Amino acid sequence: MAETLLSVRNLTVAFQTRRGAFDAVRDVSFDVEAGRVLGVVGESGSGKSVTAMALMQLLPEAARVSSGQIHLAGRDLGSLSDRQMRSVRGREIAMVFQDPMSSLNPIFSIGRQLMEPLTLQLGLSRAAARARAEELLGLVRIPSPPQIMRAYPHELSGGMRQRVMIAIALSCGPKLLIADEPTTALDVTTQAQILTLLRDLQHRMHMAVLLITHDLGVVAEFADDVQVMYAGRIVERSPVGALFDRPAHPYTEGLLRCMPPLEDEDPERLPAIEGNVASPFAMPAGCSFHPRCPYAWEACGRIQPQAVTLGAGHDAACLRHGVVPA
Amino acid sequence: MAGYILRRLAFLPLTLLIVALATFIVLRLTGNPVDIFLDINRTPEQVTALTQRLHLDQPLPVQFLIFLRDLLHGDFGESLQFSGSAAGVVWDRLGATLQLAGAGLALALILGIAGGIACAVWRDRAVDAAISSIAVAGQSMPSFWLGILLIEFFALQLHWLPTSGYGDLRHLVLPAVTLAAILMPNFTLITRTAVIELMSEQFVVTGRSKGLSRARVLATHILPNAVNPVLSFLGIQIGTLMAGSIVTETIYAWPGVGRLLINSIGHRDVPVVEASVFAIAIIIALSNLVVDVLQMLIDPRIHRG
Ligand SMILES: Nc1ncnc2c1ncn2[C@@H]1O[C@H](COP(=O)(O)OP(=O)(O)OP(=O)(O)O)[C@@H](O)[C@H]1O
Ligand SMILES: [Mg+2]
């Protein structure tokens, strides 16, 4: 049993917007073990990014953690001061985002943006930071680092920019890397390269990774464990193999059915899950998925299903697997 | 970069040619300087002499060509109301105008940008509401009215500052404030919008995720990106600044090119009017070039061919 690095318990994130209040993340609990890759999948709007930003304690102004705890290596992040949390960011948890173009400041050189955390967080001198920055660019397999140090973001391709973002994220040797759809904005070949790079670096640095994605194929290849989110809740969690062999939640089943087979020539004809994601303002009572669920019965509209353990590290929140006694 | 600057400078004569043509036409359309300049007791000899000196006996196109020829030598002719060349008269007043415009612009930039940042940081709070309303009110306040109020209060009531004239720093305060008031509200509103927009950029989240504080992200990532929108606006407003300078110089009897220009129009001192308009046109053109070059230095994405 690996040691638990990150432990999230009953996390609920509430938004207060002009259109009304809603919970984007609802009663979410999970652990990330040191050195492992946890994939998070779910449709758009299911709360993946909000969960990630809650871990960073960088929620948008409209949002706040309304209940729950986040422990990183035993420390309760919610109880840290602003200054303490700043030294956690970058050094203990780092993050890579979806769009590598807008993630970098357009008017500063790559070198400057890469050296920033090295001088500010690690207190390196400019010369030491420069040397380390060039090393990091080499680590993410960017050719001729000194030249790239002088380049500006718009002069690089999407894949190169994402490598730079990864180098920035790794610069202070974090224990946990959150990658929020790191390849969604890239073409297929580049996607594979970036994911291979991430996997490789994760091994070498013995880092835990929270890999957020829409793509179950990515999860199958790169994650150790996976959790499926729907409408702000985790509906199923499992080691990767078991999820693909024995999906236990009807939503997971649906996602798997929508996955293109590897050699598919006609991706146009992919089946999709019927219906739309539940609106956060009008959450169905009981199980949020029941209006779209082919197995739904009367009780699904009344009872909020709790996670039921089905095997080693595999549980699902669906009434088909029984009701947890209160 | 150097090539770009040279190419821009090469276009300057074209700009000035258009300015020359426009001034020439407007001045010839608005009456004969001889009638206005010579008094009722003029002799026919005086009329002939002045007509010849100003080449008014030639056909219009020829007049224009003569005008252009002299222009190439920096020669606008002799001033009619002052002794000496028109160019020299204007040159002597240029320092005062640059001093006023520089002080007014600096004041407007510093206060306007600071106000805009404060509005963006405390967006939708009392600070924002207060500063934004003052800015909007300031936008609709005519300068001459503000000038009168300032003179009444600070000069006539409190006797802190002189009512008008030129001399030490105390003379500069009221004119500079009056001029600054023209541009400041817009700088505030532009800065506010730019900073608020930049605050939702993804690179701001990146900065925070590196462990930077909110203040540091504002100072080192957001504000540098906000400079160019403000500069773009400044480029457009250099004309407004110069126009404001003319009004302000007139209110405060500030001995600059603006007041000279108004005065010379009244006296139909054609050479001085032309030289003044030219001086102002050159200031505007060069300022715009400086603004463009600064923007290129700040943002590597701008490439001007
Ligand atoms: N800044 C915000 N203001 C208001 N609502 C927000 C904001 N950010 C997210 N939300 C809402 O929170 C919910 C969860 O959003 P989140 O971004 O976590 O989804 P996601 O799972 O990351 O989706 P995607 O796959 O599209 O990235 C959505 O209903 C979204 O509309
Ligand atoms: Mg997202």
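From the list A:L210, A:L243, the one residue that fits, being open to solvent by less than 10 Å² (accessible area, probe 1.4 Å) and within 16 Å of ligand 1 (Cβ to nearest atom), is A:L210.
If you take the residues in segment A:115-142 that are basic (K, R) and under 25 Å from A:G159 (Cβ atoms), which one is farthest from the other protein chains (Cβ to nearest Cβ)? Show your work before the answer.
Here is the first cut: in segment A:115-142, the ones basic (K, R) are A:126, A:130, A:132, A:141.
Still in the list and also under 25 Å from A:G159 (Cβ atoms): A:130, A:132, A:141.
On the way: A:R130: 17, A:R132: 14, A:R141: 21 Å.
In this case the residue turns out to be A:R141.
Within segment A:165-185, being more than 19 Å from A:V218 (Cα to Cα), within 11 Å of chain B (Cβ to nearest Cβ) and not in a loop (DSSP other than H, G, I, E, B) holds for A:M165, A:I168, A:A169. Restricting the search to segment A:50-66, which residues are more than 13 Å from ligand 2 (Cβ to nearest atom) and free of Cβ contacts under 8 Å to residues at least 40 places away in the same chain? A:Q57, A:L58, A:E61, listed by residue number. With the structure loaded, tell me whether A:V40 is at pLDDT 95 or above and over 22 Å from A:A21 (Cβ atoms) or whether it fails that test. Answer is yes for this residue.
Residues in segment A:296-321 that are in a loop (DSSP other than H, G, I, E, B) and surrounded by 12 or more Cβ atoms within 10 Å (Cβ to Cβ): A:A296, A:I303, A:Q304, A:P305, A:Q306, A:A307, A:G313, A:A317, A:C318.
Screening the candidates B:A243, B:A275, B:A281 for the property of being free of Cβ contacts under 8 Å to residues at least 60 places away in the same chain, part of a helix (DSSP H, G or I), more than 14 Å from chain A (Cβ to nearest Cβ) and not aromatic (F, W, Y) yields one hit, B:A243.
Taken as a whole, the condition of being part of a strand (DSSP E or B), small (G, A, S) and either open to solvent by 30 Å² or more (accessible area, probe 1.4 Å) or within 15 Å of ligand 1 (Cβ to nearest atom) (or both) does not apply to A:A54. If you scan segment A:59-103, which residues turn out to be surrounded by 15 or more Cβ atoms within 10 Å (Cβ to Cβ), more than 8 Å from chain B (Cβ to nearest Cβ) and acidic (D, E)? A:E92 - this is the single residue of segment A:59-103 that is surrounded by 15 or more Cβ atoms within 10 Å (Cβ to Cβ), more than 8 Å from chain B (Cβ to nearest Cβ) and acidic (D, E).
Just so you know, in segment B:157-169 the residues that are farther than 17 Å from B:A103 by Cβ and open to solvent by 90 Å² or more (accessible area, probe 1.4 Å) include one that is modelled with the lowest pLDDT, and it is B:H159.
The set of residues in segment A:170-207 that are among the hydroxyl-bearing types (S, T, Y) and open to solvent by 60 Å² or more (accessible area, probe 1.4 Å) comprises A:T184, A:T189, A:T196.
Candidates in segment A:39-49 are the residues that are away from every other protein chain (no Cβ under 13 Å), near ligand 2 (Cβ under 9 Å from one of its atoms) and small (G, A, S); of these, the one that is surrounded by the fewest Cβ atoms within 10 Å (Cβ to Cβ) is A:S44. Among the residues making up segment A:24-45, those that are more than 12 Å from the chain's Cα centre (by Cα) and near ligand 1 (Cβ under 9 Å from one of its atoms) are A:A24, A:V25, A:E43, A:S44, A:G45. Of the residues making up segment A:104-114, just one is more than 9 Å from chain B (Cβ to nearest Cβ) and open to solvent by 10 Å² or more (accessible area, probe 1.4 Å), namely A:R112. Of the candidates B:R304, B:R268, the single residue that is buried (at least 17 other Cβ atoms within 10 Å of the Cβ) and modelled with pLDDT under 90 is B:R268. Of all residues in segment B:224-237, those satisfying the criterion of being out of contact with any helix residue (DSSP H, G or I) (no Cβ under 6 Å at 6 or more places or on another chain) and either free of Cβ contacts under 8 Å to residues at least 24 places away in the same chain or open to solvent by 50 Å² or more (accessible area, probe 1.4 Å) (or both) are B:S232, B:I236.
It is to be established whether one or more residues within segment B:78-85 are closer than 21 Å to B:I282 by Cα, of a type in the set (S, T, N, Q), open to solvent by 40 Å² or more (accessible area, probe 1.4 Å) and more than 18 Å from the chain's Cα centre (by Cα). The answer is yes; a qualifying residue exists. If you filter segment B:177-210 down to residues that are among the hydrophobic types (A, V, I, L, M, F, W, C) and over 34 Å from the mean Cα position of the chain (by Cα), you find that the one that is nearest to the other protein chains (Cβ to nearest Cβ) is B:F203. Selection within segment B:211-240: residues that are more than 14 Å from chain A (Cβ to nearest Cβ) and of a type in the set (G, A, S). The member of this set that is nearest to the chain's Cα centre (by Cα) is B:G239.
The values are calculated or read from the model by the stated rules, or taken from the named source; none is laboratory data. It should be emphasised that the depicted structure is a prediction, and the values quoted were computed from it without experimental measurement. For neighbour counting, all protein chains shown are included, and Cβ atoms are generated from backbone atoms with ideal geometry for every residue, glycine included. For accessibility, only protein heavy atoms count, side chains too; no ligands or nucleic acids. Shrake-Rupley method; radii C 1.70, N 1.55, O 1.52, S 1.80 Å.
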